[in-house]
1. Work out the charge dipole of region 2-430 with +1 on the Cβ of Lys and Arg and -1 on the Cβ of Asp and Glu about the Cα centre, then indicate which of Q139, Q217, Q406 is farthest towards its positive end.
2. What number of lysine-lysine pairs in the chain show an alpha-carbon separation below 18 angstrom, given a sequence spacing of 8 or more or placement on distinct chains?
3. According to the Cα gyration tensor, what semi-axes, each the square root of 5 times an eigenvalue, does the equivalent ellipsoid of the chain have, listed from largest to smallest in whole Å?
4. If I model a spin label at M1 and A118 as a point 7 Å from the Cα along the Cα→Cβ vector, what separation in nanometres do I get?
5. Any idea how far apart T302 and D326 come out in nm if each label point goes 7 Å out from Cα toward Cβ?
6. Just to confirm the filter: which trypsin sites (Lys or Arg not before Pro) across region 13-88 are DSSP coil and have at most 13 other Cβ within 10 angstrom of their Cβ?
7. Calculate the dipole size of region 2-430 relative to its Cα centre from +1 charges on Lys and Arg beta carbons and -1 charges on Asp and Glu beta carbons; express the result in debye to the nearest 20.
8. At what distance in nm do the modelled label points of D249 and A51 sit from each other, each positioned 7 Å from its Cα along Cα→Cβ?
Amino acid sequence: MRAIVVGSGAGGGLAARELARAEMDVIVLEAGSEFRPMSRRVTLTEPLRRAGVMGTERTIRRLFPAMWTTRSSDELVLVRGIAAGGTTTIACGNMMRATGGLDEIGLDLTREFEELEAELDPTTFPRERWRPTTEAMFQAAERLGYEPAPTPKAMNNVRCVACGLCEIGCGSGAKWDARRWLNQAKFEGAEVRLEMPVERVLVEHDRVSGVLAHTKQGAETIKADVVVLAAGGIGTAQILRASSLPVQDKLWADIVLTLGGRKKGAEMLSEPPMVWYTRHDRFILSPYLDILSHWFHQPWRTVGLRDRVGVMVKLGEEANGVVEADGTVRKGLTSTDRDRLAAAAELAKKVMLDGGVEGPFVPGMLNGGHLGGTVPLRREEVDSMHPSDLPENLYVADLSLLPRSQGLPTMLTASALAMRVVRTIETALTRPVLLN
């Protein structure tokens, strides 16, 4: 029995490992190449940044090929990781149970969360290693009644060198990413093929027979009994569109707006990003030095890395994005999103002021990640974890299944969804056939 898994991140990496352990013949197809942390020292870009010649956010792929940006509107840039390990390689390693919208459809992932947490053993970054400004803002958030808490992370604190650059690759190997699952899948016999984007799935007699993928040598048809799409909210939707299969125009993203201030010698890059957070209605606040804003957002140009202080707003927004078959994405912010961001930024400003951070306080580049919602599960589909509009042997195992955005880190939830999907696949394949 052969299974194709498209994508190798939080969903695809786990799906590949679990299906390989179930003794299936697994092929993983990943559009990106082998992941490598960014090798250039960030400080070396400072003269170019100050001179304003870094270009736009599209420049990031020349510096760091694994990070892809898509401008979905004049005001919003969407960010994802395209490489072995997917977006987990450019994430901050945060592990939180993001469950917004699951109660409404009757999906309880408690078992999967517990199993993944037991395996990944999330921990918090030692408070004695926090930078003084970060500690001061944490205490300010406590005084303001925001109930801050250290952020659970899948990382090895002993190996962490506190470079502050988790989102451009962990050079010390301290931070977990899904490449570990890929390696385990290969140990179990899976084949992993990189730089092999999938154009569409092949449907014959209402069943998927395989996929059409592309290599450097040209197009290649790969046959399979089961296909699992785990290419993320954009990638999965793009493949389905190209295959003339149903996609919802409900792409969502967790929107990031980092409010920038200044504090002499803050040195926020001497600790991991997001070491604590405060949770609010549909958003969180967390200390974060946004590299995209630092490099490419003109209003941030006047403050250098050593003195820049940032507090992130991560907002759960309205699901209104459209993904086309060629990968074009159309998505902007609603008036409700803008109002919520403005209100959240005011709370961030209060934390910074109370923590001794100076202005001017400058909003960073609006960007979005944690993309999903294009194949949302309905209540009647939870038992099968299979969108009923798709062929019966075609599954989705990423955030595309999640009905709405979270305003929280979603890596753990993506993996929990994939784990539940894989279990239903295994059950379906071992179910006895009833003969008349």
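Readers should treat all values here as calculations from the given coordinates under stated rules, not as data from a laboratory. Just so it is clear, the structure is predicted and the values come from calculations on it, not from any experiment. Neighbour counts are summed over all protein chains in view; Cβ atoms, including those assigned to glycine, are modelled from backbone coordinates with ideal geometry.
1. Highest projection toward the positive end goes to Q139.
2. 9
3. 37, 22, 21
4. 2.4 nm
5. My value for the distance between the label points is 4.1 nm.
6. Here the trypsin sites (Lys or Arg not before Pro) that fit, given the DSSP loop and packing criteria, are R40, R41.
7. Approximately 1820 debye in magnitude.
8. Computed distance between label sites D249 and A51 equals 4.5 nm.
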